[in-house]
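**Student:** Below you will find the structure I want to go over with you.
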Amino acid sequence: MSLIPDSYFDYPLRKKGMDHDRYAARYLRDVPAFQWQGGKTLLVWATVHLEHFPMDMPASPVKPIGGMDRPYPSVWDYSTRDYGNRVGIERLFKVLDKHGVKATAAMNSALAPRYPYLMQEIVKRGWEVAAAGVDMGHLHHSQLTEEVEKALVTEAFATLRAASGQAVTGWHSPSHSQSALTPDLVADAGAKYLCDWINDDLPYAFHTRAGDLTHLPLSYDLSDHKILGLQNMPIDDYEYQLDAAFDVLLDESRLRGGRILSLSLSPWIIAQPGRIDALDRLLGRFLAADGVASATGEEIRSQWDALGIA
């Protein structure tokens, strides 16, 4: 005799795919072959994470990716991350400029008033600014009320739109954090795409109460933070993994249709003097290949939308 009542197995959202109604189940094999604008098959999407880690950031409900490892005041942690926003970013600017790459700056809004020079340089280069929350001490999670979370989303977009003069159509939650309402609040604020769910190689429609957003594939598996920061791998391993991913995606793009290579870059990690040359070599190889171009998140979203692929 079972001790579990039959009602235990009644779940209204259980269906093919994930147990939610945010997007329809889609398999990569079912995406029709296509090319990006200009006959390109592979787009390199460089996303530079510009983050502010408050020295007194909370440890709950979870520590964010890259969060402080030492008790307050953690001068080592704070100054290392501050180094990225003041020193490392200059190396990133130089390398990306060299290869003609306009990046997406996924930016905590708290940085806009703290580092006005940083925003000036981003706008001058024609980079895209995407909202990445207020700062790394304000994650999005289920313990927040809708009112509190809405205020965080509103502040992030309003501050960055005012400081950049851009529409700011993209959203990346700090540390990939979300509550059940985050996508709805982001859509309410006028966003067009988000990139928190690490579950695809191509864009797809993401349903919200304010209409569909486009979800873009921002890789964490290939990020400098995971490979170099979290896993503490040598820079040679980082370069090997990005090279290998490029080879696979380029082959797929030529045989099966368009693909995206996501470069998730943290200036306090990849822009250290012993690492930046690896990124220079990678971009030189990637962008010299036939059918490859770089694009911002909004450019990818716009091109995908024009294709009309479900």
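The values are calculated or read from the model by the stated rules, or taken from the named source; none is laboratory data. These numbers were taken from a predicted model, which means no experiment stands behind them. When we count neighbours, we look across all protein chains shown, and the Cβ atoms used for this are built from the backbone with ideal geometry, even at glycine. Heads up: the accessible areas ignore ligands, DNA and RNA and are worked out on the full protein's heavy atoms, side chains in. Shrake-Rupley method; radii C 1.70, N 1.55, O 1.52, S 1.80 Å.
**Student:** Please state the charge dipole magnitude for the chain, taken about the Cα centre, from unit charges on C-beta atoms (+1 on K and R, -1 on D and E), reported in debye and rounded to the nearest 20.
**Tutor:** Charge dipole of the chain: 560 debye, to the nearest 20.
**Student:** On to the next question. Which aspartates and glutamates, if any, have their Cα less than 16 Å from the Cα of Lys124, not counting same-chain residues under 8 positions apart?
**Tutor:** Glu90, Asp97
**Student:** For the peptides 149-160, 213-224, what is the packing order when you average, over each peptide's residues, the other Cβ atoms within 10 Å and list the highest mean first?
**Tutor:** 213-224, 149-160
**Student:** Provide the gained length on full extension for the span Leu230 to His20, in nm with one decimal, where the gain is 0.36 nm per separating residue minus the Cα-Cα distance.
**Tutor:** Using 0.36 nm per residue and subtracting the Cα-Cα distance, I get 72.6 nm.
**Student:** Could you point to the residue in His141, Gln35, Leu118 farthest towards the positive end of the range 1-145's charge dipole, with +1 and -1 charges on the Cβ of Lys/Arg and Asp/Glu respectively?
**Tutor:** After comparing all options, I get Gln35.
**Student:** Counting only protein heavy atoms, what percent of the accessible surface of the range 34-307 is carbon or sulfur at a 1.4 Å probe?
**Tutor:** 51 percent
**Student:** Based on Cα coordinates alone, diagonalise the gyration tensor for the range 164-310, multiply each eigenvalue by 5, take square roots, and list the semi-axes in whole Å, largest first.
**Tutor:** 28, 20, 13
**Student:** I want to make sure I understand the PRE zone here: with the label point 7 angstrom from the Cα of Gln35 toward its beta carbon, which residues in the range 232-266 have backbone N atoms less than 17 Å away?
**Tutor:** 250-260
**Student:** Can I ask one more? Taking N as the number of residues in the range 34-307, what is its alpha-carbon radius of gyration divided by 2.2 N^0.38 Å?
**Tutor:** Working it through for the range 34-307, the quotient is 0.95.
**Student:** Over the chain, with the other protein chains present, what is the accessible area per residue in square angstrom, probe 1.4 angstrom?
**Tutor:** Dividing the accessible area of the chain by its residue count gives 47 Å².
**Student:** While we're looking at this one, here's another question. Work out the FRET efficiency for Ser142 and Asp97 from their Cβ-Cβ distance, taking R0 = 45 Å, and round it to the nearest 0.05.
**Tutor:** Working from the Cβ atoms, E equals 0.60.
**Student:** Taking the Cβ of Asn108 as the center, what net charge do the other residues with Cβ under 14 Å away carry, scoring Lys and Arg +1 and Asp and Glu -1?
**Tutor:** Net charge around Asn108: -2.
**Student:** Separate question: Starting from the 7 Å offset along Cα-to-Cβ, what nm value, one decimal, do you get for the label separation of Thr80 and Tyr8?
**Tutor:** If labels sit at Thr80 and Tyr8, their model points lie 4.5 nm apart.
**Student:** Which helices, taking whole DSSP H runs in the chain, have alpha carbons extending 24 angstrom or more along the helix axis plus mean Kyte-Doolittle at least -0.5?
**Tutor:** For the chain, where a helix must reach 24 Å along its axis and average at least -0.5, the hits are 146-164, 235-255.
**Student:** Once you have the Cα-Cα distance between His207 and Lys150, take 0.36 nm times their residue separation minus that, and quote the gain in nm to one decimal.
**Tutor:** My answer for the length gained is 18.7 nm.
**Student:** Based solely on its DSSP helices, what 222 nm [θ] is calculated for the chain when runs of n ≥ 4 H residues each add -39,500 (n - 2.57) and the sum is averaged over all residues, nearest 500 deg cm²/dmol?
**Tutor:** Only helices count here, giving -10000 deg cm²/dmol.
**Student:** Tell me, in nm to one decimal, what length is gained between Ser302 and Asp251 on full extension, where the rule is 0.36 nm per residue of separation less the Cα-Cα distance?
**Tutor:** Difference between extended and current length: 16.0 nm.
**Student:** I'd like to compare 296-305, 282-291: which one has the highest average count of other Cβ atoms within 10 Å, and what's the full order after that?
**Tutor:** In decreasing order of mean packing, 296-305, 282-291 become 296-305, 282-291.
**Student:** Please report Rg over Rh for the range 91-197, where both radii come from the alpha carbon positions and Rh follows the Kirkwood definition.
**Tutor:** That ratio is 0.99, to two decimals.
**Student:** So, one more: Take the Cα coordinates of the range 1-152, assign each an equal point scatterer, and use the Debye formula without solvent to give log10 I(q)/I(0) at q = 0.15, 0.20 Å⁻¹.
**Tutor:** Rounded to two decimals, the profile gives -1.00, -1.23.
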